[in-house]
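Peer 1: I have a structure I would like to understand better, so I am pasting it below and will then ask my questions one at a time.
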Amino acid sequence: GNSVTQMEGPVTLSEEAFLTINCTYTATGYPSLFWYVQYPGEGLQLLLKATKADDKGSNKGFEATYRKETTSFHLEKGSVQVSDSAVYFCALTSQAGTALIFGKGTTLSVSS
Amino acid sequence: GAVVSQHPSRVICKSGTSVKIECRSLDFQATTMFWYRQFPKQSLMLMATSNEGSKATYEQGVEKDKFLINHASLTLSTLTVTSAHPEDSSFYICSAREVGTGSSEQYFGPGTRLTVT
């Protein structure tokens, strides 16, 4: 079945450091891929998405590229801020209208 | 942007009682809503898919008689935890998909923290 594997955290970085959170997936067909972010005490928010191979999703300085050959969708940011501290979830949906399948989440903690 | 609300945000109930959680799409209509459960420091696990006007589809291992889902309108789905026990304590999150779009995007509610004592 479909699944998402993302790196375990927590990830602890200093402000302005480079961030990578790895995400790989297993899916049949051509899934859509997502990164969601959950700030403390809040609900999930869509951070970025990509719907086909080689698409790059980007938002708020974060970006991720849909790599079909490596079945990956790694999240990157060149310079993190304290306000980026949150839990990040990689997710996929195999077709429009179906439920999301989530990775376990990676906690990011950024200190000044 | 599309907003989904949940009510209540937190609830504490006694073992054996039932609790109803509401999920509303505030500025769009949602044919399909999803209910997830999130355990501490773990991922979201899909419990059921709720379609307006029809019975919910439950994931394997989720007791449909315990977790009653009703999707009576295009803006409201409810999850009722019946005869709650301490092991039902969890964070319940709903999401909604907008009618008439081909988009796979879902909008999430802020979640409901259920504690059963």
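Peer 1: Just list whichever of A:Lys52/B:Lys66; A:Lys52/A:Lys77; A:Lys104/B:Lys55; A:Lys68/B:Lys41 have alpha carbons separated by over 27 Å in the model shown.
Peer 2: Distance filter (> 27 Å) returns A:Lys52/B:Lys66; A:Lys104/B:Lys55; A:Lys68/B:Lys41.
Peer 1: Just to make sure I understand: if all protein chains stay in place, what is the order of B:Lys41, B:Lys20, A:Lys68 by accessible area at 1.4 Å, largest first?
Peer 2: Output order, biggest surface exposure first: B:Lys41, B:Lys20, A:Lys68.
Peer 1: Have a look at A:Thr20, A:Gln81, A:Leu92 and report the one farthest towards the positive end of the charge dipole of the range A:1-97, computed about the Cα centre with Cβ charges (Lys/Arg +1, Asp/Glu -1).
Peer 2: Going by the Cα projections, it comes out as A:Leu92.
Peer 1: Also: So how do B:His85, B:His7 rank on accessible area, 1.4 Å probe, biggest first, that is with the largest at the start?
Peer 2: These residues rank, largest area first, as B:His7, B:His85.
Peer 1: Are there any residues in the range A:34-82 with a reduction of at least 30 Å² in accessible surface when going from the isolated chain to the assembly of protein chains? Probe 1.4 Å, please list them by number.
Peer 2: Flagged in the range A:34-82: A:Tyr36, A:Gln38, A:Gly43, A:Leu44, A:Leu46, A:Lys49.
Peer 1: Need one word for chain A: rounded, prolate or oblate. Basis is the Cα gyration tensor (sqrt eigenvalues a ≥ b ≥ c); a/c below 1.5 gives rounded, then a/b vs b/c decides.
Peer 2: The shape class here is prolate.
Peer 1: Using a 10 Å cut-off on Cβ atoms, rank the peptides A:80-88, B:65-73, B:107-115 from the highest mean neighbour count down.
Peer 2: Highest mean packing first, the order is B:107-115, A:80-88, B:65-73.
Peer 1: Considering the zone a paramagnetic label at A:Tyr39 would reach in this model (a point 7 Å from Cα along the Cα-to-Cβ line), which residues of the range A:62-101 have amide N under 20 Å from it?
Peer 2: A:62-63, A:76-90
Peer 1: Let me ask something else about it. Along the charge dipole of the protein assembly as shown, pointing to its positive end and built from +1/-1 on Cβ of Lys, Arg, Asp and Glu, which listed residue (B:Ser25, B:Ser90, B:Asn70) has its Cα farthest out?
Peer 2: Of B:Ser25, B:Ser90, B:Asn70, it is B:Asn70.
Peer 1: Over the C-alpha atoms of chain B, what are the Rg and the largest Cα-to-Cα span, Dmax, in Å?
Peer 2: So, for chain B, Rg and Dmax equal 13.5, 43 Å respectively.
Peer 1: Do any cysteines in chain B lack another Cys Cβ under 4.7 Å, and if so which?
Peer 2: Within chain B, the cysteines lacking a partner Cβ under 4.7 Å are B:Cys13.
Peer 1: Rank these residues by their accessible area, most exposed first, probe 1.4 Å: B:Lys14, A:Lys52.
Peer 2: Ranking B:Lys14, A:Lys52 by accessible area, largest first, yields B:Lys14, A:Lys52.
Peer 1: Report the gain in length on full extension from B:Ser83 to B:Leu26: 0.36 nm times residue separation, minus Cα-Cα distance, nm rounded to one decimal.
Peer 2: Working it through step by step, the gained length comes to 17.6 nm.
Peer 1: Quick one: accessible surface of B:Tyr58, probe radius 1.4 Å, all protein chains present, in square angstrom to the nearest 10.
Peer 2: 50 Å²
Peer 1: Nearest 100 Å², what total accessible surface is buried between chain B and chain A (probe 1.4 Å)?
Peer 2: By this definition, chains B and A bury close to 1400 Å².
The values are calculated or read from the model by the stated rules, or taken from the named source; none is laboratory data. For clarity, every value in this text was computed on a predicted model and none was experimentally measured. Quick reminder, even Gly has a Cβ in these numbers, built from the backbone with ideal geometry, and neighbours come from all protein chains shown. For the accessible areas, the whole protein counts, side chains as well, though only heavy atoms, and no ligand, DNA or RNA atoms are used. Shrake-Rupley method; radii C 1.70, N 1.55, O 1.52, S 1.80 Å.
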